[in-house]
Structure formats: C-alpha cells, structure tokens
Amino acid sequence: MKPRVCILKTDGTNCDNETVHSFEKVGADAQIVLLNQLRSGEKKLSSFEILVIPGGFSYGDDIASGKLFALELMNFLSDQLHDFIAQSKLIIGICNGFQVLVRAGLLPYPQKKEQHATLLHNNSGKFECRWISLIIEPSECIFMRGLVGKQIKIPVAHGEGKFFATQSVMDQLESDQLVVARYASPEGVATDHYPDNPNGSLHAIAGVCDSTGRIFGLMPHPERFIYEYQSPFQEQEPAGITIFSNAISYMS
C-alpha cells in the first residue's frame, strides 16, 4: 500500500494542493483533510502515516503566525497528535506549518509539551519571496537524508521567519544537533547577513527537527521545487523531490 499522507488544511492555508501533488509525484496517497474533519471524528489522524501542515496564512496570521492553528491543534487534537508521534510516524511543517509546530510545542522538544522557541517578523520588515541557499547540517532528520553537507537552493515566502529562542535553548539545539538547515551565502557558509539570511534567524536557522528526526519544520517551500523547470538554477536537481521521497521511503 502507498503511504497515506494527511495534508491538514484550515482557513488561510494556501499551499495544500501543491503539497498533495508533490507527495503524489513520489508515490504517496495524499489527501487534503480539513481540521474540522479531525475535530468532528469524520476522519482520524491514525489513518495516516505522514502528517503535513502546509504553508499559507492560517486564520490570517492573527495574533501571531500559526498561533491560532497551534491552539486548535493542542486544544482539540492533542491526544491524536501524541499518539501519532508515539507510533513513530512522520510530521513536517512547511513555512506556516513550521510556525504552527513551534507554537504548539511540537518542535524542537515535543516530549516537554511546551513552547521553547518562536518565529518573529523578518528583520527586513517586509515579506520575503525569492530563492535562497541552504546548507544541510548533520542531524537525525528523516526528510534530509542524502542532503547532509550539501548546499541547496529553494524558495522562501514569509513575513515571520526569524527563528528566535533564549541563549540556553539555542545552545541546547546546537548540542543536540537539532538544527537541520541554515541560510547560507553563495559560497555555502551559514550567514546572519541579509539578504542571504532573509529574516535574521539566530544561528541562520531555516529548519529544525526533534531528537528522533521524525518531526521536522522548514521555513522554505520544498513543494515549490519539484521540477527542474521551476528553478533558474538549471544545474541543481529539485530539492523538494528528495525531501518528499525520503519521507515515503521511510514509511514504505
């Protein structure tokens, strides 16, 4: 059977169709599931092997990006989510989905069940929508297997992408090797400097995982780079295909 992928949608989500197509391209049975369908019991999270919280502007990013979506998850679906995690299934949050996972306390330390980091407004004060470079760090992240040590190019599209935490949390993240991807200069060096770092993220963080590598949050959009013709950098294979293929291979 094909791994079943739940693309969780709510008001303001706008990258769901592209994400479904990306997973179907690598052999998954992917479907859009409304948050209210899980709340009502019409559908069960346990029916799926992979959960995706895609990009967009859930609830218009009122209060803070992803905050209301995160509150709904933890108030109404907390038991389903923690059962899902306990069964060694995969979760990925992309852009707004990354914001949701962090605000829900599912990244970087889901076992502690509290928020340890946040994603703030970009230092530039504006929405950043363009191609950037990432370097992929050693970690347990399932989604980035085969990419460690490489520099990849991928699009960003966000207004609140600055990863921020206290110094003690940042030190722990580094010690635990939970930093998966960093914004990089054209030379492939992690950077705090704009425009290569589009938002001012501390330690140039673009993505983090939990200690198992099965929960992953990434600000850039891999679903927007699954075909070579989508990129102006013709020498590079589409990074999105590798990221989604890794998830399907793990759950197959």
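For this structure, a couple of remarks:
- Cleavage-rule hits, chymotrypsin sites (Phe, Trp or Tyr not before Pro), the range 76-129, DSSP coil, Cβ neighbours within 10 Å at most 14: F127
- Table column - 3J(HN,Hα) (Hz), the range 143-159, Karplus curve with 6.51, -1.76, 1.60, x for Gly and Pro: 5, 9, 4, x, 10, 4, x, 9, 9, 10, 10, 7, x, 10, 7, 7, x
- Highest-MSF residue in the chain out of Y229, Y59, Y183 [GNM, Cα springs under 10 Å]: Y229
- Backbone amide hydrogens, once placed in the peptide plane, bring G56 within less than 5 Å of N14, N96, G97, excluding anything fewer than 5 places away on its chain.
- Loop-resident GluC sites (Glu not before Pro) (DSSP state other than H, G, I, E or B) in the range 3-110 with no more than 10 further Cβ atoms inside 10 Å of their Cβ: E42.
- For the range 4-251, DSSP calls about 60 percent of its internal beta bridges antiparallel.
- What the pair-distance distribution of the chain shows, using all Cα-Cα distances binned every 10 Å from zero, is 8, 35, 40, 16, 1, 0 percent.
- Partners of K43 within straight-line reach, counting lysines whose Cα lies under 27 Å from its Cα and excluding those fewer than 8 residues away in the same chain: K2, K9, K25, K67, K89, K113.
- Here the Karplus curve 6.51 cos²θ - 1.76 cosθ + 1.60, taken at θ = phi - 60°, turns the phi angles of the range 40-52 into couplings of 7, x, 4, 10, 10, 4, 5, 6, 10, 9, 10, 10, 10 Hz, with x standing for Gly and Pro.
- Our helix-only sum for the chain, with -39,500 (n - 2.57) per DSSP H run of n ≥ 4 divided by its residues, gives a mean residue ellipticity at 222 nm of -7500 deg cm²/dmol.
- Here is the P(r) of the range 108-252: all C-alpha pair distances, binned every 10 Å from 0, give 12, 43, 37, 8, 0 in whole percents.
- Estimated FRET transfer efficiency when R0 is 41 angstrom, pair D29-K113 (beta carbons, to 0.05): 0.85
- Long-range amide H partners of I132 with built H, under 5 Å: I154, V156
Where a number appears in this text, it was derived from the coordinates with a stated rule and is not lab data. This is a predicted model, so every value here is computed, not measured. Note that we place each Cβ from the backbone using ideal geometry, even for glycine, and neighbour counts take in every protein chain shown.
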